[in-house]
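Structure, as structure tokens:
The values are calculated or read from the model by the stated rules, or taken from the named source; none is laboratory data. In this text the structure is predicted, and so the values were computed from the model without any measurement. Positions of Cβ are generated from backbone atoms using ideal geometry, with glycine treated the same way; all protein chains shown enter the neighbour counts. The area values use the complete protein model at the heavy-atom level, side chains included, leaving out ligands, DNA and RNA. Shrake-Rupley method; radii C 1.70, N 1.55, O 1.52, S 1.80 Å.
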Amino acid sequence: MTAPLLQVRNLAKTFGGTGGFFSRAQPLVSAIDNVSFDLHDGEVLGIVGESGCGKSTLAKLLLGLLRENDGSITLDGRQVSGLPPREARRLRSDVQYVHQDPGAALDPWWRVGNTLHETMRIHGISDAKERETRISEVLEAVGLSGDFVNRYPHELSGGQQRRIGLARTLALRPRIILLDEPTSGLDLSVQATVLRLMNDLRERYKLTYILISHDLSVVHRMCDRIAVMYLGRIVELGETEAVFGSPAHPYTKALIGSAPKLVRDDTSVELIQGDPPDATNIPSGCAFRSRCPLAIDSCAATKPELEEISASHRIACPPELRRLTNGPAASVSSL
Amino acid sequence: MTDTALLEVRDLSLSVKTDAGVARILDHIDFSIRRGEIVGLVGESGCGKSTVVRVLLGLLPKGAQIDSGRILFKGVDLLTLRPKDVARRIRGRSIGFIPQDPYQSFNPTFTVGKQMLEVLRWSGLPDEAPDTRWTRAVQARHRAKLIEMLEAVNIADPAGALERYPHQFSGGQRQRILIATVLACQPDLLLADEPTTALDVTTQMQILHLLRDLALDFGVAVMMVTHDFGVVAQLCDRVSVMYAGQTVETGTAHAVIHQPAHPYTERLIACHPDLSETIVGIPGQVSSPINPPMGCRFHPRCLIATDACADQRPVLRTLEGAHRVACLMREAAS
């Protein structure tokens, strides 16, 4: 296999933990804890988890908007963080970001065309003609007509705003696009068309996606591989078919069981209760043990690391528990 | 059937005057809810779901006018009541409301308990006379009731929760606190406007199951506004599908999901991730309520529409039992 496009190793990011002379001490929050994964050229990697699990912090680290405390991110063999601003900007045009709320990400006073021009100007495309060509090209690519450049954001529907958001990143010819909840707030009918568009664009421009979402169905349909995060750590990582076909971590099972299905299914009733614990007060050992239906005493002692359970599937849950979780989901809920 | 219906909306039409012309927001809406039943109201954004909720709460949008129809609630037509009476006797009392976004429903500067007590002070408990003075004793009673309700929605340490501020709760907890507040007033009907869209999947499932259990325990009927047929399948007994202000299909949740009769319902269900291997979606948008398409409002996006669909407005016809659909092509087929 070729070398991965993006390599993340033992990434860690904490917030707070310092108290200045005049300010109150902020509690230490470990937002990302020992995260490692590879991203290969042309693949779609999904990152799923509940709110507060560190998905967005991870995105900011990958974009170089936050500085990691520990670990490394390398793009094509080059270290991402700590670059001088000019180089960092060049690199950022390789890794682009599509915002979760495209309405908020567009300036309400600016016509769409202006916004698109601005993005390219910032990234050093000074030739106006060149920008014009690219704009008409990307608008066509996202399925909008050329006269959209004269529209204001409020004149666009939610789906159209998403398309503009995509067009804006495409104009920079990125290699990796980070999609943050690309379908939140959209109707299912619109959501489907946006997802299809993203698939088409990926093939056309040979893109690599990192798709951040809490919606498993979206991730299931779009991604080649999936990383499931819980409180700053990856608890399960594997190919989509493996993760959905035989979810191995109790948290993944619970997540998959929670999606409302079209057939009423009372056997999987509420696999997990409550909310994730406060990030300032993460349980010792396995962070999930406070909500885990299977937790045993030893879970409190050590933080489980990702271990291979099959060629393309790794989970962070000790082998003693894994034996229990091998049965179908229904047997988990009966415990 | 009519005598057991708690709420009956018959032939409801509503239009709003705008600068661009008169918009028919609701066009001959028709559905009913029986006691203790959970009914889903499904459709894309802009199809009038939330307007239905507002009409039921007596909160008409500005410039709106009822063109026709009746809303029979416990045998009384809500449209004939004075707004003052709706505010005093119906809204928040016999019809409770759970909003979409639990983050925006609290005032961040007051404790949760203070805000919940305020609701009870305004609406009173059902066994209290309408002009009960808000004495210490009454307050204590209200407090006890709230604690009981918070327990019912699985909030840990209910008495302590009353003293805390909204930001100290997660989204799911806030939604549960809202549900507790609404149920404390013991409504007959609960209107839930996409109560789980702002929440994570795990929390969403908890809230859906909670709503289902509470509806059973308290004998409350629920109208669940949603665009997700998965939610309907998990929660609802019956469902009513709306498109561009019109009711296009109603029936039991099972029948509508497994044998959808209207092309719109069919395509909406096909958007559900369980079914669509290839992603289809529904191209186009809900038509504007100003100058809507003639005939069937769905025909410009419909795959099986014929010329007749552009001329003639289909009406709801019974397929079998309670399953009704408004589609000319269906009529032609049967």
Which listed residue, of B:Val232, B:Val222, B:Val286, B:Val248, is in contact with a strand residue (DSSP E or B) (Cβ under 8 Å, 6 or more places away or on another chain), within 24 Å of B:Ser32 (Cβ to Cβ), within 13 Å of chain A (Cβ to nearest Cβ) and open to solvent by less than 60 Å² (accessible area, probe 1.4 Å): B:Val232
Given (1) surrounded by fewer than 18 Cβ atoms within 10 Å (Cβ to Cβ); (2) of a type in the set (A, V, I, L, M); (3) in contact with a Lys or Arg (Cβ under 9 Å, 6 or more places away or on another chain), number of the condition B:Val325 does not satisfy: (1)
Tally, over the stretch B:255-267, of residues that are closer than 18 Å to A:Arg264 by Cα and either within 8 Å of chain A (Cβ to nearest Cβ) or among the small types (Gly, Ala, Ser) (or both): 2
Yes/no for A:Gln160 being more than 30 Å from A:Ala287 (Cα to Cα) and crowded, with 24+ Cβ neighbours inside 10 Å: no
Of all residues in the stretch A:19-35 being surrounded by 16 or more Cβ atoms within 10 Å (Cβ to Cβ) and not aliphatic (A, V, I, L, M), the one that is modelled with the lowest pLDDT: A:Ser30
Candidate set from the stretch B:117-153 (those that are open to solvent by 40 Å² or more (accessible area, probe 1.4 Å), part of a helix (DSSP H, G or I) and not hydrophobic (A, V, I, L, M, F, W, C)); member that is farthest from B:Ile98 (Cα to Cα): B:Arg136
Yes/no for B:Gly36 being within 25 Å of A:Leu262 (Cβ to Cβ) and modelled with pLDDT under 90: yes
Boolean, A:Ser81 is in a loop (DSSP other than H, G, I, E, B), in contact with a helix residue (DSSP H, G or I) (Cβ under 9 Å, 6 or more places away or on another chain) and open to solvent by less than 40 Å² (accessible area, probe 1.4 Å): yes
Matching residues in the stretch A:210-237 - criterion: being within 14 Å of B:Asp200 (Cβ to Cβ) and β-branched (Val, Ile, Thr): A:Ile212, A:Val218, A:Val219, A:Val228
Failed item in (1) more than 21 Å from A:Asp187 (Cβ to Cβ); (2) modelled with pLDDT under 90, with B:Cys47 passing the rest: (1)
Residues satisfying the stated conditions in the stretch B:154-175, i.e. open to solvent by 20 Å² or more (accessible area, probe 1.4 Å) and touching a residue at least 24 places away in the same chain (Cβ under 8 Å): B:Asn154, B:Glu163, B:Arg164, B:Tyr165, B:His167, B:Ser170, B:Arg174
Restricting the stretch A:242-285 to residues that are modelled with pLDDT under 75 and on the phi > 0 side of the Ramachandran plot, the residue that is nearest to the other protein chains (Cβ to nearest Cβ): A:Glu270
Within the stretch A:30-78, tally of residues that are assigned to a strand (DSSP E or B), within 26 Å of B:Gly171 (Cβ to Cβ) and among the small types (Gly, Ala, Ser): 3
Within the stretch B:198-219, considering residues that are of a type in the set (Gly, Ala, Ser) and not in a helix (DSSP H, G or I), the one nearest to the other protein chains (Cβ to nearest Cβ): B:Ala198
